[in-house]
């Protein structure tokens, strides 16, 4: 398991990709889309297309439950679902393995996190093939879209290497 420390937490408050106020129309033509977070997943699904990989916890801003309509939409996403436990401020081995498996599985995958999914962006970027679009929410600012390439992947791996393994 990887654990976040306070210095990394500050650094990760800054967007890892380009910040948007809404989903750009050209996102739907992407070969592979991975979303982290319920609102990001909903926005991509309703304004673009079904994400290939979605990582959700059925909450917004860590504690607010989704309304019934949004929950119904999210539960319809993914031809495969995987349940994992991931404590706040960590990346568990379960979450890591589920992401890795999702990238090697045909069809779409919804990973349901019991706990917190915020840091899942890092292993997603570290494992994603080039040109994958990784979408996550930047609280009270908008949506961040990362186009994965070797530079971005190296940055994600650097963050992961700096996290404490427990």
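Couple of notes before you dig in:
- Against the criterion of being at pLDDT below 95 and either out of contact with any helix residue (DSSP H, G or I) (no Cβ under 6 Å at 6 or more places or on another chain) or outside any strand (DSSP E or B) (or both), residue 62 qualifies.
- For residue 71, the conditions (1) at pLDDT 95 or above; (2) more than 27 Å from residue 160 (Cβ to Cβ); (3) surrounded by 14 or more Cβ atoms within 10 Å (Cβ to Cβ); (4) out of contact with any helix residue (DSSP H, G or I) (no Cβ under 7 Å at 6 or more places or on another chain) all hold with the exception of (1).
- Each residue in segment 89-116 was checked for being part of a loop (DSSP other than H, G, I, E, B) and in contact with a helix residue (DSSP H, G or I) (Cβ under 8 Å, 6 or more places away or on another chain), and 1 of them qualify.
- Whenever a residue of segment 79-90 is in contact (Cβ under 8 Å) with a residue 40 or more places away in the chain and at positive phi, its partners that are outside any strand (DSSP E or B) and surrounded by 12 or more Cβ atoms within 10 Å (Cβ to Cβ), lying with C-beta atoms within less than 6 angstrom and at least six residues away or across chains, give the pairs 89/4.
- When we screen 137, 115 for residues that are modelled with pLDDT under 95, under 15 Å from the mean Cα position of the chain (by Cα) and within 15 Å of residue 12 (Cα to Cα), the only hit is 137.
- Within segment 26-55, being out of contact with any strand residue (DSSP E or B) (no Cβ under 9 Å at 6 or more places or on another chain) and either without any contact (Cβ under 8 Å) to a residue 12 or more places away in the chain or in a loop (DSSP other than H, G, I, E, B) (or both) holds for 26, 29.
- Top-ranked residue in segment 129-166 [being touching a helix residue (DSSP H, G or I) at 6+ places or on another chain (Cβ under 7 Å) and in a loop (DSSP other than H, G, I, E, B); ranked as farthest from residue 105 (Cα to Cα)]: 163
The values are calculated or read from the model by the stated rules, or taken from the named source; none is laboratory data. These figures come from a predicted structure and were not determined experimentally. Every residue, glycine as well, gets a Cβ built from its backbone with ideal geometry; the counts of neighbours run over all protein chains shown.
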